[in-house]
1. Name every residue in region 32-69 that is under 16 Å from ASP11 (Cα atoms), surrounded by 15 or more Cβ atoms within 10 Å (Cβ to Cβ) and hydrophobic (A, V, I, L, M, F, W, C), in order of residue number.
2. Six or more apart or on different chains, Cβ atoms under 6 Å: show the pairs whose first residue is in region 40-56 and within 15 Å of GLY24 (Cα to Cα) and whose second is not in a helix (DSSP H, G or I).
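The values are calculated or read from the model by the stated rules, or taken from the named source; none is laboratory data. Remember, predicted model here, so these are calculated numbers, not experimental data. Every residue, glycine among them, receives a Cβ derived from its backbone with ideal geometry; neighbour counts consider all protein chains shown.
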Amino acid sequence: MAGRKPFTPTDEQRRLVKAMAGYGVPHDDIALVVKCSPPTLRKWFRHELDVATIEANARVAQTLYQQATTPGNIAATIFWLKARAGWREKQQVEVTGKDDEPIVPHFVIVRKIVDPAQRDGRQTIEGTTE
C-alpha cells in the first residue's frame, strides 16, 4: 500500500496563503483553500502566516499616514494623533447654582462600629460627622 504523497507547497500557494492571512482569514479556512490540514498549513507556511499580518498592518499604516498628512483630511489626522501620539479629548463640565456660584456638595459621613461582644452583629454604635 503506497502512502500519501508528501505535501509540497507551490509559489502560488505561498502567495495565496500570505494574502489570505494578511486579510485576516482564519487558518482553518486558508487550509481548505490550499487543500491541506491546518497543522500542515502551519508547518509548511509558517513564515507566510507570521509575516502576513505584520506586512498588511504596515501597508494600512502607510496609507493612514499619507491620509493624515494630507491637508484637509482632518478625520485621519485626528485618528492618527489619538492612536499614535496619545492625544485625547478632555471634557470639563462645570455645574453652577444660584447666581452662577459653584455648587458645593454636602456630604454626611456615617460611621458604624459593630460591637464584637454581640454575636449576631446587629448592635451598633453610630456617630455622624458633617
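1. Of everything in region 32-69, those that are under 16 Å from ASP11 (Cα atoms), surrounded by 15 or more Cβ atoms within 10 Å (Cβ to Cβ) and hydrophobic (A, V, I, L, M, F, W, C) turn out to be VAL34, CYS36, LEU41, TRP44, PHE45, LEU49, ALA52.
2. none
Each row is one residue, and each column tells you yes or no for (1) in a strand (DSSP E or B); (2) in contact with a Leu (Cβ under 7 Å, 6 or more places away or on another chain); (3) at pLDDT below 90; (4) not charged (D, E, K, R).
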residue: ASP50; (1), (2), (3), (4): no, no, no, no
residue: ALA58; (1), (2), (3), (4): no, no, no, yes
residue: ALA61; (1), (2), (3), (4): no, no, no, yes
residue: LEU64; (1), (2), (3), (4): no, no, no, yes
residue: GLY86; (1), (2), (3), (4): no, no, yes, yes
residue: GLN91; (1), (2), (3), (4): no, no, yes, yes
residue: ASP99; (1), (2), (3), (4): no, no, yes, no
residue: HIS106; (1), (2), (3), (4): no, no, yes, yes
residue: ALA117; (1), (2), (3), (4): no, no, yes, yes
